[in-house]
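Working notes, beginning with the structure itself.
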Amino acid sequence: MNKPVPQPGIMEIDLYVGGASGAPGSNVVKLSSNENPFGPSEAAVKAAGVAAHQMHRYPEIDGYSLRVALADKYGLEADNIILGVGSDEILQMICNAYAGPGDEVIYTQHGFAMYRICALGAGATPVEVPECERVTDVDAILAAVTDATRIVFIANPNNPTSTMIGLAEVTRLADSLPPHVVLVLDGAYAEFVEEYDGGAELARTRPNVIMTRTFSKLYGLGGLRVGWGYAQRDVIDVLNRLRAPFNISTIALEAAKAALADTAHIDKSLAENARLRVWLSEALAAIGVQSDASMTNFILARFHDQEEAEACNEYLKAQGLIVRPVSSYNLPHCLRITVGDEPSCRRVAHAIGAFKAGARA
Ligand SMILES: *Cc1c(COP(=O)(O)O)cnc(C)c1O
């Protein structure tokens, strides 16, 4: 060996591809990363500005004040919460803590890309299981479990499918897994579902269940990188050994606390999203583009085939509308479209209509 060689598995990782953006200041509408179309809470922006004056100081070592705020808001215990640089970092800590060479990490056919990346990063073997018509299939997951299985990841609701399974099915999955297998319930979009706790109660009562959540979607703080995990104390103790001290900056902590408290901004974001995701999906259905009922802040638009989806993507791009191709998620005939504000939704529906009319002519 005449040069450094990375650990096995590392070179099998395909770099994560984020949603594309337009040039800053351009009249481009970005509907590719499931961001909040109304931006961050003004209170969060203000809190970040105030905190900026303290940037010569180290932040809280473990983000205690934000963990307390989360515990108050969601009815949880602050000591059972861990903060991450985005929930992505929590997913990574989980893989590094619980899986290694020879171990298997299960995720679903259209599951979030970070599950495979984190599994390979830990030297473990990724195992992809089928979904049933773009919905998580609990029986398929259970059928894939072997003695080597260490972790099962599901996003509920899932990205990029926008579908979810009910709490009864999630509970059946939790109860049917061998006790040594960690079940990760990725709740990045849980806030968009009424009457759903993201799996918090399961994580509170089961020693092998971890819930992950994020400030990047509903709360509009993707640029600050704040996510969190919730599990029983033993699991949090394990993950904390891998967590970099001071991982969340003071600016991020203060902005996140303010965002949590800004119920007016949250309520408006939720109400507009709920209204416009139905509007967008119906507008597209009327022009022959189907999508599953969305439980999230995006819809997955299905085209006839890959060729049509790619052509539509190019057409939208030329109109300054950026959506997300999802061929890397085994959905080459689909485009994922974030539910924007009303003008953006109207623009994208109109443009897809024009594309379809032109394609038929
Ligand atoms: C966006 C997203 C995340 C992670 O977001 P962070 O910005 O790292 O908190 C995790 N899981 C799913 C399914 C997502 O869509």
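The values are calculated or read from the model by the stated rules, or taken from the named source; none is laboratory data. Given the structure is predicted, the values throughout are model-derived calculations rather than measurements. All Cβ positions, glycine included, derive from the backbone under ideal geometry; neighbour counts span all protein chains shown. Just so you know, the surface numbers come from the protein's heavy atoms only, side chains and all, with ligands and any DNA or RNA stripped out. Shrake-Rupley method; radii C 1.70, N 1.55, O 1.52, S 1.80 Å.
Brief remarks follow.
- The listed residue being away from the ligand (no atom under 16 Å from the Cβ), crowded, with 19+ Cβ neighbours inside 10 Å and of a type in the set (A, V, I, L, M, F, W, C), out of A258, A286: A258
- Near pairs, Cβ below 6 angstrom, 6+ apart or cross-chain, from region 78-95 (farther than 17 Å from S249 by Cβ) to any residue that is more than 12 Å from the ligand (Cβ to nearest atom) and of a type in the set (A, V, I, L, M, F, W, C): A78/V68; A78/A71; N80/I236; I81/L70; M93/L239; M93/L242; C95/A119; C95/A122
- Against the test of being under 20 Å from G9 (Cβ atoms) and within 16 Å of the ligand (Cβ to nearest atom), the options A188, A155, A119 yield a single qualifying residue, A119.
- As a summary of the residue check, D72 satisfies the conditions (1) without any contact (Cβ under 8 Å) to a residue 60 or more places away in the chain; (2) open to solvent by less than 60 Å² (accessible area, probe 1.4 Å); (3) more than 16 Å from the ligand (Cβ to nearest atom) except for the one numbered (2).
- Checked against (1) aliphatic (A, V, I, L, M); (2) open to solvent by 50 Å² or more (accessible area, probe 1.4 Å); (3) part of a helix (DSSP H, G or I), I61 passes all but condition (3).
- Flag for V193 being more than 16 Å from the ligand (Cβ to nearest atom) and farther than 30 Å from Q7 by Cβ: no
- Within region 135-150, the presence of a residue that is open to solvent by less than 10 Å² (accessible area, probe 1.4 Å) and within 30 Å of L253 (Cβ to Cβ) is excluded.
- Note on region 75-116: residues that are under 21 Å from N240 (Cβ atoms), within 12 Å of the ligand (Cβ to nearest atom), open to solvent by 30 Å² or more (accessible area, probe 1.4 Å) and in a helix (DSSP H, G or I) total 3.
- Within region 89-106, the presence of at least one residue that is touching a Pro at 6+ places or on another chain (Cβ under 6 Å) and not polar (S, T, N, Q) is confirmed.
- For region 292-324, the set of residues classified as surrounded by fewer than 22 Cβ atoms within 10 Å (Cβ to Cβ) and outside any helix (DSSP H, G or I) consists of D292, A293, M295, R302, H304, D305, Q319, G320, I322, listed by residue number.
- Residue match in region 331-341 (condition: open to solvent by 10 Å² or more (accessible area, probe 1.4 Å) and either among the polar types (S, T, N, Q) or part of a helix (DSSP H, G or I) (or both)): no
- Of the residues making up region 230-274, those that are of a type in the set (F, W, Y) and within 22 Å of the chain's Cα centre (by Cα) number 1.
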